[in-house]
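The values are calculated or read from the model by the stated rules, or taken from the named source; none is laboratory data. Since the model is a prediction, treat every value here as computed from it, not as a measurement. No Cβ is skipped: glycine too gets one built from the backbone with ideal geometry, and neighbour counts run over all protein chains shown.
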Amino acid sequence: MHHTLMRTLFPKLYLILAYSSGILMPMTVQAQSTLTIVTDPSWEVSSRKTHFGEYSLSAEQLTSVLRNSVQKAVPAETNERSKIIPGAMPIWRNQTADGEGEAYQFRKNVPLGAQRIKKATLEINCDDVARVYINQRLASVDKRDGKLKDGYDKWFLFRSVSGFMYDRIYTYDVTDYFFTNVTNTIVVEAVSLAFDGSHAYISAKIVLELEPAPPASPPAVKKKNVSKPSTTTAAPVSKVGPRKPATTEKIVFEAGHDPDIEQLAVGAVLELGHVNFKANDYKLDSTSYHTLLALAAFMKKHPSLKLEVGGHTNLRPADDFAATLSANRARAVAQFLIDNGVAPQQVVSKGYGKSQPLIRQTNKEADRINQRVEVKVLATF
């Protein structure tokens, strides 16, 4: 019988047969594969105008204006030549601009779960110019065309600008800007250069392609402690056991003590001293900057050097949490290096979770040693 006729006459029977034969699959079986974020009235906007300067904003500047004085964005007017991104609503502080040089900050918080991000793509169009920050990091501007060549224009100097002209849409790969299991913050800093007020808007869309959700870890089953009489005296247990034998050469990297590039064989591991994170977080502590800036300088001095940043946790967290945390920490270190001048092709990141502990124990000293970031040499020439 034809599918349409059977579905009409016997809806319940059709569903049973369709599921069993693979024609349909229950929606609850499949995890979310994409997440789309668009500009709409749910975005927050600064209640007062801001200054759009020549240089990009610092982390403190990004949060200061939107800390207390915010309201919801409103749909904005456009002209017939504006290329609005499909699915996105053009927004502004008011429906039209009040005057030339009117600037605001727009914000959207996006909580992400444990699904890892395969790819994130940003599309943006605005009238007139904008910068886009994701988790306080300025989006790339490498592929902008001659209308804002190299971040400059003879009329207005907006260095490192990520926003654009109303008659075209720009696309950027922002995969490495997002983190899992945290709330991600997108901030758009936008300005209208309309001579007569009139049109002013931003139109943007970010599509995140997600990997399947990791399977939930089964709850740990507590075993009862049953004491057994012993006729022998147990040997005393050391608080910190022996380290796992290293399979590759390890070199401690510290600021002011660059290793000899000639001695860095493929597979050698650089232990990064003084690189720290906040507890259960991927954010670098400021005490890490000295070492990482020195590593960035060393890598820029040797552009043929390629490194893998590996993140490791202690043995306490659940497997899924450890995998996510270590991957985010490794990515944060890699991003810091790239943001400080290291070529993107020189560095990759990988999270190892708790799969490679140096000490198979859970005490304060073992935790300190196991939760680390290591850098492995992938290529030297």
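Of note:
- Close pairs from the range 355-366: first over 11 Å from Arg316 (Cα atoms) and touching a residue at least 12 places away in the same chain (Cβ under 8 Å), partner of a type in the set (Gly, Ala, Ser) and surrounded by 12 or more Cβ atoms within 10 Å (Cβ to Cβ), Cβ under 6 Å, at least 6 apart: Ile359/Gly241; Ile359/Ala366
- Residue match in the range 299-318 (condition: crowded, with 17+ Cβ neighbours inside 10 Å, in contact (Cβ under 8 Å) with a residue 24 or more places away in the chain and part of a helix (DSSP H, G or I)): yes
- Only listed residue being of a type outside the set (Ser, Thr, Tyr), outside the structural domain of Ser56 (by TED's automatic domain parsing) and closer than 28 Å to Ala114 by Cβ, chosen from Lys350, Lys300: Lys350
- Restricting attention to the range 265-298, the residues that are loosely packed, with under 14 Cβ neighbours inside 10 Å and either in contact with a Gly (Cβ under 6 Å, 6 or more places away or on another chain) or under 16 Å from Ala379 (Cα atoms) (or both) total 3.
- Those residues of the range 366-381 which are assigned to a loop (DSSP other than H, G, I, E, B) and not hydrophobic (A, V, I, L, M, F, W, C), in sequence order: Gln371, Thr380
- Apart from one condition, Ala366 fits all of (1) surrounded by 16 or more Cβ atoms within 10 Å (Cβ to Cβ); (2) over 29 Å from Gln136 (Cβ atoms); (3) touching a strand residue (DSSP E or B) at 6+ places or on another chain (Cβ under 8 Å); the exception is (3).
- Among the residues of the range 54-82, those identified as in contact (Cβ under 8 Å) with a residue 60 or more places away in the chain and assigned to a loop (DSSP other than H, G, I, E, B) are Glu54, Tyr55, Ser56, Leu57, Leu66, Ala76, Glu77, Thr78, Asn79, Arg81, Ser82.
- The set of residues in the range 261-303 that are within 17 Å of Ile338 (Cβ to Cβ) and among the polar types (S, T, N, Q) comprises Ser288, Thr291.
- Only one of the numbered conditions (1) more than 30 Å from Asp339 (Cα to Cα); (2) modelled with pLDDT of 75 or more is violated by Leu9, and that is (2).
- Residue in the range 15-35 that is within 19 Å of Tyr133 (Cα to Cα) and modelled with pLDDT of 75 or more present: yes
- Yes/no for Gly87 being assigned by TED's automatic domain parsing to the domain that holds Asp128, on the phi > 0 side of the Ramachandran plot and surrounded by 14 or more Cβ atoms within 10 Å (Cβ to Cβ): no
- Checking each residue in the range 191-206 for being at pLDDT 90 or above, aliphatic (A, V, I, L, M) and more than 16 Å from Asn135 (Cα to Cα) picks out Ile202, Ala204.
Results for (1) of a type in the set (A, V, I, L, M, F, W, C); (2) under 27 Å from Val174 (Cβ atoms), shown as yes or no for each residue.
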residue	(1), (2)
Asp339	no, yes
Ala343	yes, yes
Arg360	no, no
Val373	yes, yes
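- Test: residue in the range 207-226 that is within 20 Å of Gln105 (Cα to Cα), buried (at least 16 other Cβ atoms within 10 Å of the Cβ) and at pLDDT 50 or above: no
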